[in-house]
Structure formats: C-alpha cells, structure tokens
Amino acid sequence: METKKKSRPQMTQSQQTWHKYTDVPLIVASLAYLIAYTWRAIGDLSGVGWALTTSTMTITWLMFFVDYVVRFATAKENFRWFTTHWFDLLCVLVPVLRLVLLLRVFTQLGSRWASPGDRMRVQVMVYGIGASAILIYISALAVLEAERNAAGATIKTFRDAIWWACVTVSTTGYGDYTPVTSAGRLTATALMFGGMALIGVTTATLASLMIEIASRHEAEKGARAVPQLPHFHLLHNHDTGTAGPGPDAQHGAFPGDGAPPTSPSSSPSSPPGSPSSPPTSS
C-alpha cells in the first residue's frame, strides 16, 4: 500500500505576487512590533505612550493576520497548506518570529559545497536558535508586564525577567523567581513547551550532523587503511599449456617483458668483419 508524502504545496501565481510585495513590509512590521513591545514593557508606559505602542502592535498584528488569510485563501489545497505552514500561523500569534527569516543569510554560508541534507540541518539549527532567542526575549517582556505591579511578585525588573526566562526555557527551575499572576503563569507554560520543542529540534539536528561527520571520517579512515594489492598477469607457457605468475609478479611480467622476444633466427646479423661475426669459409 503506497503512502503519500506530506510535502509543502507549490505557491500559486497569486501567492508569489503577494509574497513579492509583502515580504519586506512584514519584516519591517515585525521589527516595529518588537520595538513597540519592548518600549511598553520595560518603560512601564501609561497614557499617550501606552496608547501609541499598543496601536502600533495592533496594526502590525492585523497585517500578519491579513497576510495569513490571503495566503490561505489563494492556496490550491487549503487544508494541505494549513498543515504544512505552521510557521505562518505562529507569526500571526507572535509577529516577532518573522524576524527569524532575517537569519536566512547565515543558512547560505557554505551551501555551495554542502549536501542537501547538510543544508537542511544548517537551516534547522540557525532558525531554531534564532526562534529560541526571540521566544526567550518576548516571554521576558510578557512576564515583566504581567508581574511588575502584582502583589507578592518577585519579577520586577527586566534583568530578573530575562533570568527567569532562561531558567524556564531550559527546564532548570531554580525557583528564585516565579510568576504569581494568571498571565505570567500562562506565559511560563507557553515558554516551557515552546522552548522544549525548539531546543529539542536544534539539539537533535546538531547531534545528527555530528554523527554524520564522524561516520564520514571513519569511512575515509577505513578506505585509507585497505592495502592496495598488486595486479597479477598470467603468462602462458606455450610449451606445456600451463599458466602461472611470472617471476616479476610485482610488475605483472618478466623484466623487460614489454619488448618482443628475440630468437637466434630473428636476431640481426653482425656486419661482416666484426669481432663477433662468425668466420666465413673460403
């Protein structure tokens, strides 16, 4: 029974045109979202500042939402597109993740000499590390904003929030900083699951790459250790009809075997009068 491989469907002409005109604006919008969110969370804004940053975040979020809806509507197979473009859905939930695509330049380093499998592993590693860093940063901002003014909170500065995010994403759990609000605990839950997934994929990819490099090294080492056996040529004995390796087996023939055999009848005659010429009878 044949099974169909689940692959990403090709982009339609409408999707290609849409992507051409929205790729750069969406990256700029993602950067604007990050700046506005950082300013609002760390600055503990209120009044006009809070309204300005919140409006910026809302507009950029709407841009990503419209982008996702348009790309989903213009796909040939909507359900298949939905199941193979989970990163686009994550960008709607967390628009800052779009900045991970800026790391694509690092995935092209050395791709000319790498195999397709190596290029895929490098992409997973680069994007995984970038997404993990962004997830830690955004979670720190979210928990700081939720915990700063709460009663009994221990996370009151951005430095404490970053430390808490790093400890949580690595599942270390020192317990020195813990969220006490519902929003902070929800952020912690999302960070734990998202961090384990991203770090797990990155670690597995790195381990796979190291194993493949070690296997190649062992294969090359084994190939160099195999001795090069000489080639033997059989010389036929025309008198007895038997065959066997010649005396000079290393070269595969008798010394001087490249020259045609000589016989007394075929040897050139010495010129008359030379010392080696036979005497002539008178």
Part-to-part distance (alpha-carbon centres) for the stretch 145-175 and the stretch 27-57, which is given in Å: 21 Å
Accessible surface, 1.4 Å probe, highest first, among residues Arg80, Arg40: Arg80, Arg40
The simple spin-label model distance between Thr189 and Arg159, using points 7 Å out along Cα→Cβ, in nm, is 3.2 nm
Which order do the peptides 178-186, 136-144, 21-29 take when ranked by the mean count of other beta-carbon atoms within 10 Å per residue, highest first? 136-144, 178-186, 21-29
What list of ³J(HN,Hα) couplings, whole Hz, do you get for the stretch 43-54 from phi and the Karplus terms 6.51, -1.76, 1.60, once you set θ to phi - 60° and write x for glycine and proline? x, 6, 6, 8, x, 5, x, 5, 5, 5, 5, 5
If Rh is defined by the Kirkwood formula over all Cα pairs and Rg also comes from Cα, what ratio Rg/Rh do you get for the stretch 13-166? 1.04
Could you check the spin-label model distance between Thr83 and Phe65? Points 7 Å from the Cα along Cα→Cβ, value in nm. 2.7 nm
Provide the FRET efficiency to the nearest 0.05 for the Thr172-Thr12 pair, computing r from the beta carbons and using R0 = 35 Å. 0.15
Please state the shape class of the stretch 1-73: rounded when a/c is under 1.5, otherwise prolate if a/b exceeds b/c and oblate if not, all from the C-alpha gyration tensor. prolate
Counting only protein heavy atoms, what percent of the accessible surface of the stretch 1-76 is carbon or sulfur at a 1.4 Å probe? 66 percent
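The values are calculated or read from the model by the stated rules, or taken from the named source; none is laboratory data. For clarity, every value in this text was computed on a predicted model and none was experimentally measured. A quick note on method: Cβ atoms are made from the backbone with ideal geometry, for glycine too, and the neighbour counts reach across all protein chains shown. In case anyone asks, the SASA skips ligands and DNA or RNA and just uses the protein heavy atoms, side chains included. Shrake-Rupley method; radii C 1.70, N 1.55, O 1.52, S 1.80 Å.
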